[in-house]
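Enquirer: I am attaching a structure below and will ask some questions about it afterwards.
Bear in mind these aren't lab numbers, they're just calculated from the coordinates by the rules spelled out. Given the structure is predicted, the values throughout are model-derived calculations rather than measurements. So basically every Cβ, Gly included, is an ideal-geometry build from the backbone, and we count neighbours across all protein chains shown.
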Amino acid sequence: MATKLDRELRSVALKERARAGAKTGVAPDGPCDPLPRHVAGWVNPWASWEEFVTLLQQPMGISDSRDGPPESHGTNSQEGFVLTGLHACGDLSATLLRHFARCPQAVAITSVACCYMKLTTLSNPAPPGLQAPPLPRPGGGDCAEGAGPVFGYPMSSWVQGLPGHELSCKAREAACHALESYTERLRGGSGELQSHCYRAVLETLVRRAQPSLKRAGIQTIKKAHLLSFAEYARLGLQRLELPTDWPLDWVPSLEALLAQQGRVVAYFCLVLLLAPAVESLVLLDRMLYLSQEGLDCELLPLFSPSLSPRNLVLVAVKAQQTNGASRTALGRPSSLPGSGSGSPR
């Protein structure tokens, strides 16, 4: 699928080049860039950066024979590259930042994170929804470079020493929600607000029947507000792999629970008011980590959060030595990596 989309994008680019050439009377200069090579693999949070680079350079990448064989680089290649994480889930964002800080070939990174509730922490090393690695965790959780346990949060030594820095899974989950879109629903009196009450009621009933399912993790059901609760419950139970013929009519408190929609909405509003503070702490922790590694970085809002709640991108560029002065692509003087004088913005 990735190669198919690449081919379609290149086709559009060729048409645009031809159209621009027809207007200016100047023929396009040179051939179009070759398609990228795709590599599917597990990014191990506990592996060294050398193993990560080897993964990127493995010869089993997905390619299209019509575009010729992909260019191959050896594991000792000194060619620089840029790391980009777009909605890199959970620990993947933190892992990419660590590899960037340690890998000499990684010259820059742009990181857009998501799924903060899947971050590993000291108190919760296996959060709900975390996909198990294909191989056993090496060394009991110690990183390959012997720096101690590796967790997705916190990353920086400063936040690690901050009293009360711990964030519950519920708090980190709240940081993923979209405050702006929910505000629009409140203003418009959207019927979609009912879906939050449906989920809360079903999770309550599931916990009563299955106490071990403390966090059922019912996935989003499309157009839930157009369904009866019985229909919603059937779809939700199916996703939880529970019997879908569970009789709901015998639950004496069902109607009373469904009548609590106003309280559920009020609770969710209070949660969303705290969400930006939680996300800010997670992202500032990452900036502090890069800073303690001597790397200059910025946190930039790329677009309105009404388009997507994950509109903040963390950008870092390693300094390049030029004529005795160190300068980054962020456009200002910077210290050399390792000097520790960088600061988050």
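Enquirer: What pairs in K4/K222; K15/K223; K118/K223 have C-alpha atoms more than 31 Å from each other?
Expert: K15/K223
Enquirer: Shifting gears a bit: R0 = 30 Å: FRET efficiency of R208 with R239, Cβ-based, nearest 0.05?
Expert: E between R208 and R239, to the nearest 0.05, is 0.95.
Enquirer: How big, on average over all directions, is the shadow cast by the Cα convex hull of the range 170-264, in nm²?
Expert: Here the figure is 6.6 nm², rounded to one decimal.
Enquirer: Okay, moving on. Multiply the residue gap between V39 and H87 by 0.36 nm, knock off their C-alpha separation, and tell me the result in nm, one decimal place.
Expert: 15.5 nm
Enquirer: DSSP loop GluC sites (Glu not before Pro) in the range 176-273 with at most 12 other Cβ atoms within 10 Å of their Cβ, which ones?
Expert: E241
Enquirer: Then there is this: Between V313 and residues 5 or more places away or on another chain, which pairs have amide H atoms under 5 Å apart, with H built 1.01 Å from N, and which residues are they?
Expert: Here L300, L302 satisfy the definition.
Enquirer: For the range 230-305, take N as its residue count and report Rg(C-alpha) divided by 2.2 N^0.38 Å.
Expert: It is 1.89.
Enquirer: For G41, what residues show an amide H to amide H distance below 5 Å, using hydrogens built from the backbone and excluding near sequence neighbours?
Expert: HN-HN under 5 Å from G41: empty list.
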